[in-house]
């Protein structure tokens with residue numbers, strides 16, 4: 001009996017030991033499962049966080065590209081002020097960093113062609129997640145609205161009694177008022193059009209003001225100009241990209257005069273752009289006969305930083321070589337692809353291209369233009385001047401006379417590797 005009891009007790013102890021062992025194993029298994037689950041959650045969380053940061057980096061990269069275009073539009077000097085390569089580096093963005101590179105993918109030169117496309121690349125790092133996005137951008141030039149008109153002033157215009165003003169395109173425009181006491185052969189647009197004169201075209205008195213560039217355009221072309229040693233008179237000369245009797249020619253035909261006195265221009269032929277800077281109260285007077293034509297279609301013909309009076313006798317005289325004893329079509333400045341060595345020819349007496357006067361402008365006699373005339377201040381018209389509007393200046397405006405925007409080239413947006421990848 002006792003042996004049976006002992007055997008049963010031993011069995012019971014073994015069962016309790018087994019149950020304890022099973023319990024311990026189950027507890028350990030539960031702990032392992034719990035730890036595995038915890039580590040799995042943490043790993044999944046890191047993966048999710050990484051995915052989220054990668055998405056954020058991609059979105060930020062897209063925003064950085066847009067920001068790059070916006071900054072280029074605001075900074076008009078970037079082509080000369082910036083160099084190829086890294087433009088912005090190590091800039092904060094939320095809890096990350098970004099950088100931007102800028103290159104000219106056409107020929108690697110920012111300065112030689114304003115129509116070249118650009119390539120921007122944005123690099124973004126967010127908590128270890130990196131994303132690089134690249135896109136090409138192309139310039140989109142919108143001509144200033146003032147170029148729709150044969151003549152526009154940012155101030156007011158006065159067409160005096162007895163005057164006959166012939167204007168093509170959308171006619172004459174003023175940001176304030178046109179006092180017309182003569183005859184406008186064409187249309188007129190201003191805040192108000194009054195006086196006792198006639199307008200043969202349409203009259204618009206509900207037009208919005210139009211922007212005329214200021215001295216910044218003068219500065220732009222003056223920086224490219226070859227200075228002339230002229231103080232008060234420029235006459236009986238030929239200027240062109242290959243001809244400068246005063247010294248080294250300008251490759252683009254851009255020449256400048258900086259004077260403290262009035263300057264008179266007569267008996268000259270200019271194949272290029274003349275840039276004139278005058279002190280307050282002084283003016284440029286273009287009289288008698290001239291022929292001015294831009295050497296480049298994307299450059300203006302004449303920029304005057306100050307006031308000007310243009311009263312050439314286009315209806316009565318030509319630019320005559322015999323009168324001025326000058327060969328106006330030498331080898332360095334052919335006319336209609338023809339050059340010679342004599343002084344027997346005569347040429348149109350007119351200004352072709354864009355004329356821009358930052359101050360006030362007086363037109364008189366029979367002054368003839370083939371292009372567009374802009375003035376930053378008052379315009380006074382006498383005699384019977386004529387402006388034959390050139391629509392190509394609106395279709396392809398000279399540099400400085402357009403609003404510049406950039407747009408991404410469709411299909412060019414792509415993810416790229418980081419430089420260290």
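The values are calculated or read from the model by the stated rules, or taken from the named source; none is laboratory data. Worth saying up front: this structure is predicted, and the values here are computed from it rather than measured. Please note: Cβ atoms are built from the backbone with ideal geometry, for glycine as well, and neighbour counts cover all protein chains shown.
Filtering the stretch 355-375 to residues that are within 14 Å of residue 312 (Cβ to Cβ) and assigned to a loop (DSSP other than H, G, I, E, B) leaves 364, 365, 366, 367.
Please work out if residue 211 is surrounded by fewer than 21 Cβ atoms within 10 Å (Cβ to Cβ) and not in a strand (DSSP E or B). Yes: the conditions hold for residue 211. Scan the stretch 389-403 and tell me whether some residue there is in contact (Cβ under 8 Å) with a residue 24 or more places away in the chain, over 26 Å from the mean Cα position of the chain (by Cα) and assigned to a strand (DSSP E or B). No, the conditions are met nowhere in the stretch 389-403. Here is a list: 291, 265. Which entry is part of a strand (DSSP E or B) and either free of Cβ contacts under 8 Å to residues at least 12 places away in the same chain or closer than 27 Å to residue 155 by Cα (or both)? After ruling out the rest, the residue left standing is 265. Is one or more of the residues making up the stretch 255-262 under 18 Å from residue 354 (Cα atoms) and in contact (Cβ under 8 Å) with a residue 40 or more places away in the chain? Checked against the condition, which is being under 18 Å from residue 354 (Cα atoms) and in contact (Cβ under 8 Å) with a residue 40 or more places away in the chain, the stretch 255-262 yields no hits at all. Take the conditions (1) modelled with pLDDT of 95 or more; (2) crowded, with 19+ Cβ neighbours inside 10 Å; residue 347 misses just one of them, which is (2). Just a yes or no: is a residue in the stretch 297-315 over 32 Å from the mean Cα position of the chain (by Cα) and either over 28 Å from residue 382 (Cα atoms) or free of Cβ contacts under 8 Å to residues at least 60 places away in the same chain (or both)? Yes, the stretch 297-315 has at least one match.
Counting only strands (runs of 3 or more DSSP E) that sit completely within the stretch 101-168, those holding 2 or more residues that are touching a strand residue (DSSP E or B) at 6+ places or on another chain (Cβ under 8 Å) and farther than 28 Å from residue 356 by Cβ correspond to 118-126, 129-143.
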